[in-house]
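The values are calculated or read from the model by the stated rules, or taken from the named source; none is laboratory data. Worth saying up front: this structure is predicted, and the values here are computed from it rather than measured. Note that each Cβ is placed from the backbone with ideal geometry, even for glycine, and that neighbours are counted across all protein chains shown. Just so you know, the surface numbers come from the protein's heavy atoms only, side chains and all, with ligands and any DNA or RNA stripped out. Shrake-Rupley method; radii C 1.70, N 1.55, O 1.52, S 1.80 Å.
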Amino acid sequence: MKVGVGAVVVFFLLAGALPAFAQVAGTDPLTLSIRPEFPQPYGVVTVTPGSTLIDLSSSQVRISVNGTEVQKGSGSAPVQIQAGGPGVPTTITATAVASDGQTYTKTLVIHPADVALVVEPVSTTHPFYRGAPLVASEGLVRLIALPDLRTAAGTPIPASRLVYTWKNGDRLLESDSGLGKSVLTATAPVQFRDSTITVTVSTPDSSIVAQAVALISPVDPIARIYQDDPLLGPLFNYALPSSISMTDTEDTFRAVPYYFSGTPSLSWSVNDVQSQAGQDITVRSSGTGSGTALVSFAAKQSDTNQLANTSLTVQFGGKKSLGIFGL
C-alpha cells in the first residue's frame, strides 16, 4: 500500500502540479487591458481594469494617465483616453484599494505607432489603366507594409530595422516574416473565398508595435470593347455601349479582358460564327443596304476556368454625316 501511494504522488508531480502552482502564484492581482490592442497616434484607447483575485466592485479604483487622474470609483468600468503622437509614450496607472486596505497597482506604457498596408494585385488591364487593378481569383497579390514607428523623441525608426510578422488568417507565414521583410507576395484565394492578411510590425524588443489588416477578395473577370481610332488609337476613356451605329464603311474595335490572373485566350465571333482571335477586330459593311451585326468577344483562361465575354450590336448602312454641322 505504501508503494502504491508513493507512485501516485510521483505521477502527479510529473504531470505538472508544480507549474500549475507557479502559475497561480505568479498571477497579477490587478490587470489592465486596452482596445485596440495596438493604439495608433492620437487614437482613442479604451482602458479596462480587471482582476481574478480581488473584488474590484468593493474596491476603490483609480486610473491615471501620465500622472493625471481620469477616473475614480469602484468596479471595472472602462475609461477612454486619447493616445499621444507618434512614438510619444502614454503611461496608464491603475490603483485598487481592496476592502481589507491592501493596495494594488498596475502600470502600462503604450507607444502609439502606425503601419499602412498597400495592396497591389497582379491582374490584366489595358496599358493606360489608371489606378490599381482588382484582385483576380488565384492571382498574385503584392502587399507592402509602410510603417511609422518612432522613438520617444519622435525619431522615425528605419523600416529595415523592424520585425515584420505576416499571417494569412490564423496561419503564420514564417518564411515571409522576419527582420526587414516589409513585402509579401501571396496568392489570392479562389472566387467567393476571402483571405485576411495581417502584418504586425515591431521593434526587435517588441516595445513598439503596430498592426494592419487587409481583406483580399477576388472579383469576377470582365471584358470591355473600345473604339480603335485610326489616328488616335484605342479610346480607352469610353467603353462602348451594347449597341452602336456605324456610319462609315468600316470600324475597328479593341477588347480588353480585365482582372484575369494570367493571359487569357481571346476570340471574336460575328453573328455567332467564329471570326478571329486577338484583341482587335475590323468590321466592314458592303453593298448599299442597311442592317445589324452582333459582334461578340470572349476571353478564357484555361488553368483557372476564368471566363468573361461581352457583345456589341453594330448597326450599319446609316446615313453618313457630311460635315461638323451635320449638313
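What FRET efficiency comes out for Gln82 versus Glu174 if R0 is 41 angstrom and r is the Cβ-Cβ distance? Round to the nearest 0.05.
After rounding, the FRET efficiency stands at 0.65.
Jot down the per residue volume, in cubic angstrom and as a whole number, of the convex hull over the alpha-carbon atoms of segment 49-111.
Normalising the Cα hull of segment 49-111 by residue number yields 77 Å³.
State the extension gain, in nm to one decimal, for the chain segment bounded by Thr247 and Arg62, taking 0.36 nm per residue of separation less the distance between their alpha-carbons.
On the way: separation 185, 0.36 × 185 = 66.60 nm, distance 8.17 nm.
So the chain would gain 58.4 nm between Thr247 and Arg62.
How much of the pair distance distribution for segment 98-175 lies past 13 Å, counting alpha-carbon pairs only, in percent?
For segment 98-175, the share of Cα pairs beyond 13 Å comes to 80 percent.
What whole number of Å gives the distance from the Cα centroid of segment 284-315 to the Cα centroid of segment 241-282?
5
With 29 Å as the cut-off, how large is the P(r) tail for the chain, expressed as percent of Cα-Cα pairs?
Cα-Cα pairs in the chain separated by more than 29 Å: 64 percent.
Give me the distance between the Cα centres of segment 46-94 and segment 144-214, rounded to whole Å.
29
Per residue, how much accessible area does segment 247-306 show when a 1.4 Å probe rolls over the protein heavy atoms, in square angstrom?
That works out to 53 Å² for each residue.
Could you check how much of the accessible area of segment 69-206 is carbon and sulfur, as a whole percent, using a 1.4 Å probe?
Details: 3720 of 7390 Å².
Here it works out to 50 percent.
Once R0 is set to 35 Å, what does the formula 1/(1 + (r/R0)^6) return for the Cβ-Cβ distance between Ser286 and Glu120, expressed as a FRET efficiency to the nearest 0.05? Don't jump to the answer; show the numbers that get you there.
Working: r = 48 Å, r/R0 = 1.36.
The value I calculate is 0.15.
If you stretched the chain out fully between Asp229 and Tyr42, how much longer would it get, using 0.36 nm times the residue separation minus the C-alpha to C-alpha distance?
Extra length available between Asp229 and Tyr42 comes to 62.0 nm.
Expressed as a rounded percentage, what relative contact order does the chain have, with Cα pairs under 8 Å and six or more residues apart?
Relative contact order comes out at 12 percent.
Calculate, for Thr187 and Ala159, the FRET efficiency according to 1/(1 + (r/R0)^6) with r their C-beta to C-beta distance and R0 22 Å; round to the nearest 0.05.
In this case the efficiency is close to 0.35.
Across all directions of projection, what mean area in square nanometres is found for the Cα convex hull of segment 25-178?
13.7
Using only C-alpha positions, report the orientation-averaged shadow area of the convex hull of segment 186-327, nm², one decimal.
Mean shadow area of the hull around the Cα atoms is 13.9 nm².
I need the peptides 30-40, 229-239, 154-164 ranked by packing, meaning the mean over residues of other C-beta atoms within 10 angstrom, with the highest value on top.
Final packing ranking: 30-40, 154-164, 229-239.
Can you give the alpha-carbon Rg of segment 99-140 over 2.2 N^0.38 Å, where N counts its residues? Before the final figure, lay out the partial values.
Numbers: Rg = 24.9 Å, N = 42, 2.2 N^0.38 = 9.1 Å.
For segment 99-140, the normalised Cα radius of gyration comes out at 2.73.
From the mean inverse distance of alpha carbon pairs (Kirkwood) and the Cα radius of gyration, derive Rg over Rh for segment 136-255.
1.26
Compute the long axis of helix 2-14 from its Cα atoms, compare it with the longest principal axis of the Cα atoms of the chain, and write down the angle in degrees, 0 to 90, nearest 10.
Roughly 50 degrees between the two axes.
Which whole-percent values make up P(r) of segment 247-306 when all C-alpha to C-alpha distances are grouped in 5 Å steps starting at zero?
Values per bin, smallest distances first: 4, 16, 24, 21, 15, 9, 5, 4, 2, 0.
Count the net charge of all other residues whose Cβ sits under 12 Å from the Cβ of Val79, scoring Lys and Arg as +1 and Asp and Glu as -1.
Values: positive: Arg35, Arg62, Lys72; negative: Glu69.
Local charge sum for Val79: +2.
For the chain, what does the helix formula give at 222 nm: sum of -39500 (n - 2.57) over DSSP H segments with n ≥ 4, over the residue count, nearest 500 deg cm²/dmol? Walk me through the intermediate numbers first.
Details: 2 runs with 22 residues, N = 327.
-2000 deg cm²/dmol, from helical runs alone.
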